[in-house]
Amino acid sequence: MNSVFDDPEFKAIIEYFNQFEPALNGFLGFVDESPDFDHASFKFHMKEDLIGNIRYRTLHGGAISAILDITGGHTVFLKQFKEIKGLPLEKQMSRITKIGTIDLRIDYLMPGKGEYFVSTGYLLRRGSKVAVVRMELHNDNGDLIAVGTGSYTSG
């Protein structure tokens, strides 16, 4: 398979959740570019609504925190889907809908300047109930803007 989006089971779950897309996801305007079930990746462009410092026109810290948290949760979702693939849809949904943020730490390393940004996430550890994820946000020049570590329920 070329990407996670080629998997028909995965497509069905994504289509289901897209019906209920939270307003924040639409506001941020990100695109899922996850390369496989082990790494999450989102890309979004800078826009006026995401500016935090109007003088320097940098990305708002809340937008950075939100995208890193979404990336962390999506990382757990991808890994969990990989493990429950092939189970009946009801069982898949039961497991996937238990994913939630427990704790989140964000370190802002430099001002969020750029035309677009890419967030990535990878699993550090996953137990039977909790997963720990490391997330990064880079700009279009490859500069590391912020890093995060999140703990997520993984039921």
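What follows is calculated from the coordinates using simple rules that are stated; it is not laboratory data. Since this is a predicted model, take the numbers as computed values, not measurements. Methodologically, a virtual Cβ is constructed for each residue, glycine included, from the backbone with ideal geometry; neighbour enumeration extends over all protein chains shown.
The figures follow:
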quantity	calculated
Net length gained if the chain between ASP6 and ASN18 were fully extended (0.36 nm per residue, minus Cα distance)	2.7 nm
Spacing of the two label points (7 Å from each Cα toward its C-beta) at LYS43 and LEU144, in nm	2.2 nm
Over 32 Å between alpha carbons, listed pairs LYS82/LYS113; LYS47/LYS91; LYS85/LYS113; LYS43/LYS129	LYS82/LYS113; LYS47/LYS91; LYS85/LYS113
Tilt relative to the chain, helix 8-18 - C-alpha long axis, 0 to 90 degrees, to 10	50 degrees
Length-normalised contact order of the range 4-153 in % [C-alpha pairs under 8 Å, at least 6 apart]	24 percent
Förster radius 30 Å - calculated FRET efficiency between LEU124 and ILE51, Cβ distance, rounded to 0.05	0.40
HN-Hα J in Hz across the range 135-151 - Karplus 6.51, -1.76, 1.60, θ = phi - 60°, x for Gly and Pro	10, 9, 10, 10, 8, 5, 8, x, 5, 7, 8, 7, 10, x, 10, x, 10
Theoretical ellipticity at 222 nm over the chain - DSSP helices of four or more residues, -39500 (n - 2.57) apiece, nearest 500	-10000 deg cm²/dmol
Dipole in debye (nearest 20) - the chain, about Cα centre, beta carbon charges: Lys, Arg +1; Asp, Glu -1	520 debye
Inter-centroid distance (Cα atoms) of the range 99-151 relative to the range 13-72, Å	12 Å
Fully extended contour minus Cα-Cα distance, from MET110 to LEU89, at 0.36 nm per residue	3.3 nm
Global geometry of the range 1-116, whether rounded, prolate or oblate, following the gyration tensor of its Cα atoms and the 1.5 cut on a/c	prolate
Percent RCO, i.e. relative contact order, over the range 1-52, from Cα pairs under 8 Å lying at least 6 residues apart	29 percent
